[in-house]
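Each reported figure results from applying straightforward, stated rules to the coordinates on display, with no laboratory input. As the structure is a prediction and not an experimental result, all values here were calculated from the model. Neighbour counts are summed over all protein chains in view; Cβ atoms, including those assigned to glycine, are modelled from backbone coordinates with ideal geometry.
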Amino acid sequence: GASVTGTVRGKIFDTDVYEDEPEIVMLGMMTSLIVATFMLLGATFFGLPVSTTHTVVGCIIGFSIAAKGFSSINWDETKNILISWVAAPLVTGAFAILLSANPFTRGYYAFSFILFVTIGIDIFFIFNKGTKNFKHFHNDVYDTKWVVPTSFGIGAFFGLLWLWPFGPLVKKKLEAKKKCWQQ
């Protein structure tokens, strides 16, 4: 959410380069959105897998290089973005290969762990970063000593809810559908 927007808005390129020419940034951002729109429409028309964020980031890098050259890009930040684009599919692909034997059973039990981790991380960021946008939240109240256990406690609760009662219900329905498909 907010951190991605902050990165796209001002960390991909060096904003100091445009200090005396804010109209170039405005025009460049508008052009990036228009170009990204047409690229996404074209990719969607041809049924290509596409990422809006990747498209917009690429357009912003392109406009800044066109306007002020390669030195206008914050390569440290951009490098992290590019590494994440390459690393994410490689890591997920590796997990898919490692978990390929009996994928339904592994997925069924791994899903509770995935819920625990992802919901725990999401709640942590909501407490840790999201509350800083509101003035009525006090920093001393949202201390890491209780934010981490609370966040991951909520994640564990949802992970356990998957193991019982929701997981068995879904498993039962999926097994019934599998029998129908086999007949």
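Taking the chain as the reference, fit the longest principal axis to its C-alpha atoms, fit the long axis of helix 75-98 to the helix C-alpha atoms, and give the angle between the two in degrees, 0 to 90, nearest 10. So the helix axis and the longest Cα principal axis differ by about 20 degrees. With 23 Å as the limit on Cα-Cα distance, the pairs of Lys11/Lys129; Lys11/Lys79; Lys11/Lys145 that go past it are Lys11/Lys145. On a 0 to 90 degree scale, rounded to 10, what angle separates helix 103-128 from the longest Cα axis of the chain? Rounded to the nearest ten degrees, it is 50.
Given R₀ = 22 Å, what would the calculated FRET efficiency be for Lys11 paired with Ile114, taking r from the Cβ atoms and rounding to 0.05? It would help to have the intermediate numbers written out before the result.
Working: r = 29 Å, r/R0 = 1.33.
The computed FRET efficiency comes out at 0.15.
Taking only Cα atoms, what is the 0 to 90° angle, nearest 10, from helix 167-182's long axis to the longest principal axis of the chain? The angle comes out at about 80 degrees. Computed from the Cβ-Cβ distance with R0 of 35 Å, the FRET efficiency linking Lys172 to Ile121 stands at 0.75.
Using Cα pairs closer than 8 Å and at least 6 residues apart in sequence, work out the relative contact order for the chain, in percent. If you can, show how the numbers build up before the last one.
Working: 111 pairs, mean separation 33.5, N = 183.
Here the relative contact order equals 18 percent.
Each of [x] 1.40; [y] 3.26; [z] 1.15 is a candidate for Cα Rg over 2.2 N^0.38 Å; the one calculated from this structure is [x].
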